[in-house]
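What follows is a set of notes on a single structure, which appears directly below.
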Amino acid sequence: MSTTTPTATPIAKPRQRVGDRVFSSSALTAGTLILALLALVAGFLVLEGIPGVLAEPSDVSIYEGRYDFASFVVPLIFGTLWSAAIALVLALPLAIAIALFISHFAPRRVAAFLGYVMDLLAAVPSVVFGLWGANVLAPAMQPVFVWLFENLAWIPLFEGPPSGTGRTILTAAVVLAVMILPIITAISREVFLQTPPLYEEAALALGATRWEMIRTVVLPFGRPGIISGAMLGLGRALGETMAVAMVLSASGVITFNLISSVNPSTIAANVALRFPEAYGINVNVLIATGLILFAITLVVNSIARYIVNRRKDFSGAN
């Protein structure tokens, strides 16, 4: 008695629509173009920056004293990281508080209005923040610096003497904090709104207060989103140019003093101020500092990606 083995019928692939093919091709092209542009920018910075690193001291005129690339760029790196870190410390707690108020405490109309104000604040040009910081914030901060010097001079951050104009690294950091505040607030707000309602209701049903529910449910769920928003804000603070250049009275030194008139500069502000008058090898020196800023932002974003990817179940940041 012979047995016949059934043959598997091939499964026909569903026919892809024209719109799907166009969208898939467009998305692939856009992603490839972004990578290509990033590679071109990195290649340009490397090719034009290396001569600045290897330049002879006698050929460089933008550095006071005998030129050495390390001596030129280290204070700029310090000022960039220092001002951005202060801005993040000032902005992050306030941004989380505002986002929680909008998402869990404010009435619907108030929440909608505050959300609109935050989005509008993010669209303000940096030069406007620079004008506000130089003409309004700096004079207002000067009496605060005097008070800090008179009462907290034993802390190295406020050892003074206080600046007479208010244009210090702390003032620049406050301006940067205001600039990155809407970015962190908007992302945190959207993340908090994605918290599963069943988790919140379960915490409240177990007797938790609203704050305990937020502390044990909302904040842990939104931690990757908070980190993503903080890193995005930090990236903008690291690369901000005009606002810092208009507010900060820089001296090109390394100091932790926040209220003195002797302040470190930032890479972006230094390039903006010196580039119009630079020529020859001096241009390559400034491009080399831009390459370092490019590397710093790349490292910061990579660290943020690594931290966020540790929570694969959080789809809002992946």
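The numbers here are math on the coordinates, done by the rules we state, and not lab data. No experiment lies behind these values; they were computed from the predicted model shown. Note: ideal-geometry Cβ built from the backbone for every residue, glycine included; neighbour counts use all protein chains shown.
Screening the range 242-260 for residues that are closer than 16 Å to V174 by Cα and not aliphatic (A, V, I, L, M) and picking the one that is surrounded by the fewest Cβ atoms within 10 Å (Cβ to Cβ) gives F256.
Within the range 195-207, is there a residue that is among the charged types (D, E, K, R), without any contact (Cβ under 8 Å) to a residue 60 or more places away in the chain and over 28 Å from I62 (Cβ atoms)? Yes, the range 195-207 contains a residue that is among the charged types (D, E, K, R), without any contact (Cβ under 8 Å) to a residue 60 or more places away in the chain and over 28 Å from I62 (Cβ atoms). Scanning the range 29-64 for residues that are under 19 Å from E277 (Cα atoms), assigned to a helix (DSSP H, G or I) and of a type in the set (S, T, Y) gives a single hit, S58.
In the range 188-208, how many are part of a helix (DSSP H, G or I) and out of contact with any Leu (no Cβ under 7 Å at 6 or more places or on another chain)? I'd like the intermediate steps shown before the answer.
As a first pass, look at the range 188-208 and keep what is part of a helix (DSSP H, G or I): 188-193, 197-205.
Narrowing the set further to residues that are out of contact with any Leu (no Cβ under 7 Å at 6 or more places or on another chain) leaves 188-191, 193, 197-205.
Total meeting the criteria: 14.
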